[in-house]
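A.B. asks: Here you go, one structure.
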Amino acid sequence: MKNIFVNTFNGWLLLVLAFVLSLFAGRLPINGGEMWTIATTWLGGGPMPEFLEAKAMVLLMVRLPRCLMALLAGAGLSIAGASYQAMFRNPLVSPDILGVSAGCTVGAAVGLVLPGSNMALVQVFAFTGGLIAVGMAMGIARLVAVRPMLVLVLAGLVVTAIFNAVLMMVKYVSDPFNQLPAIVFWTMGSLSRVTWDDLQTAAPIIFAGLFVVHSLRFRLNVLSLGDNQAKSLGQNPGLLRLLFIAISSLIVGLIVSTCGQIAWIGLVIPHIARTLAGPNHERMIPVSIVFGALFLLLADDLARSLTSAELPLSVITAMAGAPLFAYLLYRNRGSGWL
């Protein structure tokens, strides 16, 4: 208990420090005194000094909402990944196992090529595409009804392949000068489009999902034991699994519809949490939330600071996540968690 308390507490300290430093990251320099003046003026409701108006706009309308969204998205993707790995009893699955990310991307692409497209329409279509993908995967698994856990994973691969084919078709018929670049950029993920309106829509739902999974995290231990053991403990594994799938898919769908596809977090962060806290989900889930938020926040800082043009977020998460995952595979070899 002492080790997990120390790890979680240290993680929260790092998260707070990284959040503050992230507000300074970017091409427009803002020093500590200017940030303090902007913050106190904004909170006090007074008029903003004229020489700080441009920097206040960047800080309050661009950096602050995207940093908050990075915290929410990182925590949501990591907790969804931990849930999927527990439900499928497989540490190598990730939140897009049911085709949620692929469905959201196709929905966003369709929204981008429609006449009169706007960001609200794109987000609605992306979220709807994610829900359709989950429904298709679960429908296929129900129809087959043989070894449902394995079939559900395979159904997710089938649905992902179908939606990827649809996405290629949408790219083929889209305008190569305007619509196609927008679709490609969406598939690479970015927090540059996040606004306060997006946060107002996404934050309550993501918070609710995080709260439910965190409150029921001990049930993930039951699911990871298998259906027979879960039933012997008086639990309904089918109902629990459906609940966690619905919540995790809702979180992932909402994040992808707002930020685009963000890779590796749902796979790597649960392994980091498992290394630090052990396989007990009562300890692992809080660590996953903290380090998932920290990982995406730092990745976003690098994406908008390394070059003059902002890098796609999935480039950073893949370049950091893949070597980190390889290191975890090596470090935990023979430990029984893989």
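The values are calculated or read from the model by the stated rules, or taken from the named source; none is laboratory data. The structure displayed is predicted, hence computed values, not measured ones. Heads up, the Cβs are rebuilt from the backbone with ideal geometry, glycines too, and the neighbour counts pull from every protein chain shown. Just so you know, the surface numbers come from the protein's heavy atoms only, side chains and all, with ligands and any DNA or RNA stripped out. Shrake-Rupley method; radii C 1.70, N 1.55, O 1.52, S 1.80 Å.
A.B. asks: Report, as a whole number in µm² per second, the diffusion coefficient that Stokes-Einstein gives for segment 269-338 at 10 °C and 1.306 mPa s using the Kirkwood radius over alpha carbon pairs.
C.D. replies: Working: Rh = 13.2 Å.
Rounded, D is 120 µm²/s.
A.B. asks: If you don't mind, there's one more thing I want to ask. Where in segment 266-303 is the amide nitrogen less than 20 Å from a point lying 7 Å along the Cα-to-Cβ axis of LEU329?
C.D. replies: Residues 266-276 fall inside that zone.
A.B. asks: Assigning unit charges at the beta carbon (Lys, Arg +1; Asp, Glu -1) and nothing else, what dipole magnitude in debye, to the nearest 20, does the chain show about its Cα centre? Mind dumping the intermediate values first?
C.D. replies: On the way: 19 positive and 12 negative charges, 234 e Å.
It comes to approximately 1120 debye.
A.B. asks: I need to check one value: relative contact order of the chain, counting alpha carbon pairs closer than 8 Å and at least 6 residues apart, in percent.
C.D. replies: Values: 474 pairs, mean separation 100.0, N = 338.
RCO, the chain: 30 percent.
A.B. asks: So, one more: Output the 0 to 90 degree angle, nearest 10, between the alpha-carbon long axis of helix 2-22 and the longest principal axis computed from the alpha carbons of the chain.
C.D. replies: Orientation of helix 2-22: about 30 degrees from the principal axis.
A.B. asks: Which of rounded, prolate or oblate describes segment 156-219 when judged by the alpha-carbon gyration tensor and an a/c cut-off of 1.5? Before the final figure, lay out the partial values.
C.D. replies: Values: a/c = 4.18, a/b = 1.59, b/c = 2.63.
The shape class here is oblate.
A.B. asks: For segment 54-136, count the residues as N, evaluate 2.2 N^0.38 Å, and divide the Cα radius of gyration by that value, please. Display every interim value, and only then the final one.
C.D. replies: Details: Rg = 16.1 Å, N = 83, 2.2 N^0.38 = 11.8 Å.
Ratio of Cα Rg to 2.2 N^0.38 Å: 1.37.
A.B. asks: Choose one answer from TRP42, TRP264, TRP196: the residue with the largest mean-square fluctuation in a GNM of the chain with alpha-carbon springs under 10 Å.
C.D. replies: TRP42
A.B. asks: If you build a Gaussian network model of the chain, linking Cα atoms that sit under 10 Å apart, which residue out of PHE291, PHE19, PHE211 swings the most?
C.D. replies: PHE211
A.B. asks: Binning at 5 Å from 0, report for segment 1-105 what percent of all alpha-carbon pair distances ends up in each bin.
C.D. replies: Taking all Cα pairs of segment 1-105, the binned fractions are 2, 10, 14, 15, 13, 12, 11, 9, 7, 4, 1, 0 percent.
A.B. asks: Given the protein chains as shown and a 1.4 Å probe, how many square angstrom of ASP197 are accessible, to the nearest 10?
C.D. replies: ASP197 has an accessible surface of roughly 110 Å² with all protein chains in place.
A.B. asks: A follow-up question, please. How far, in degrees from 0 to 90, does helix 237-259 lean away from the longest principal axis of the Cα atoms of the chain, to the nearest 10?
C.D. replies: The helix 237-259 is inclined about 20 degrees to the chain.
A.B. asks: Rounded to a whole number, what % of the accessible area of the chain do carbon and sulfur atoms account for, probe 1.4 Å?
C.D. replies: Details: 11070 of 15850 Å².
So the carbon and sulfur contribution to the accessible surface is 70 percent.
A.B. asks: Kindly rank 161-167, 85-91 from highest to lowest mean number of other beta carbons found within 10 Å of each residue.
C.D. replies: Numbers: 161-167: 16.9, 85-91: 19.9.
In decreasing order of mean packing, 161-167, 85-91 become 85-91, 161-167.
A.B. asks: Give the separation of the Cα centroids, segment 64-96 to segment 292-336, in Å.
C.D. replies: What the calculation gives is 14 Å, centre to centre.
A.B. asks: Just want the answer: with Cβ charges of +1 for Lys and Arg and -1 for Asp and Glu, which residue in ILE140, VAL212, SER308 is farthest toward the dipole's positive end in the chain?
C.D. replies: So the residue we want is ILE140.
A.B. asks: Would you mind checking the radius of gyration and Dmax of segment 18-171 based on alpha-carbon positions, in Å?
C.D. replies: Rg then Dmax for segment 18-171, in Å: 21.5, 68.
A.B. asks: Mind telling me which of SER232, SER174, SER257 comes out most flexible in a GNM of the chain, alpha-carbon contacts under 10 Å?
C.D. replies: The residue with the greatest mean-square fluctuation here is SER232.
A.B. asks: To continue, here is another question. Given N residues in the chain, what is Rg(Cα) / (2.2 N^0.38 Å)?
C.D. replies: Details: Rg = 20.6 Å, N = 338, 2.2 N^0.38 = 20.1 Å.
Against the empirical 2.2 N^0.38 Å value, I get 1.03 for the chain.
A.B. asks: If one puts a single equal scatterer on every Cα of segment 38-95 and applies the Debye formula without solvent, what log₁₀ I(q)/I(0) results at q = 0.16, 0.24, 0.27 Å⁻¹?
C.D. replies: -0.61, -0.90, -0.99
A.B. asks: Another question, then. In Å and from the alpha-carbon atoms only, list the Rg and Dmax of segment 119-198.
C.D. replies: Calculated on Cα positions, Rg and Dmax stand at 15.8, 47 Å.
A.B. asks: A follow-up question, please. Helix 64-88: angle to the longest alpha-carbon principal axis of the chain, degrees 0 to 90, nearest 10?
C.D. replies: The two axes meet at around 10 degrees.
A.B. asks: Using the heavy atoms of the protein chains alone and a 1.4 angstrom probe, what is the accessible area of segment 134-208 per residue in square angstrom?
C.D. replies: On the way: 4380 Å² over 75 residues.
Using a 1.4 Å probe on heavy atoms only, each residue of segment 134-208 averages 58 Å².
A.B. asks: Moving to a separate point now. So what's the gap between the Cα centers of segment 257-287 and segment 179-247, to the nearest angstrom?
C.D. replies: Going from one Cα centre to the other spans 12 Å.
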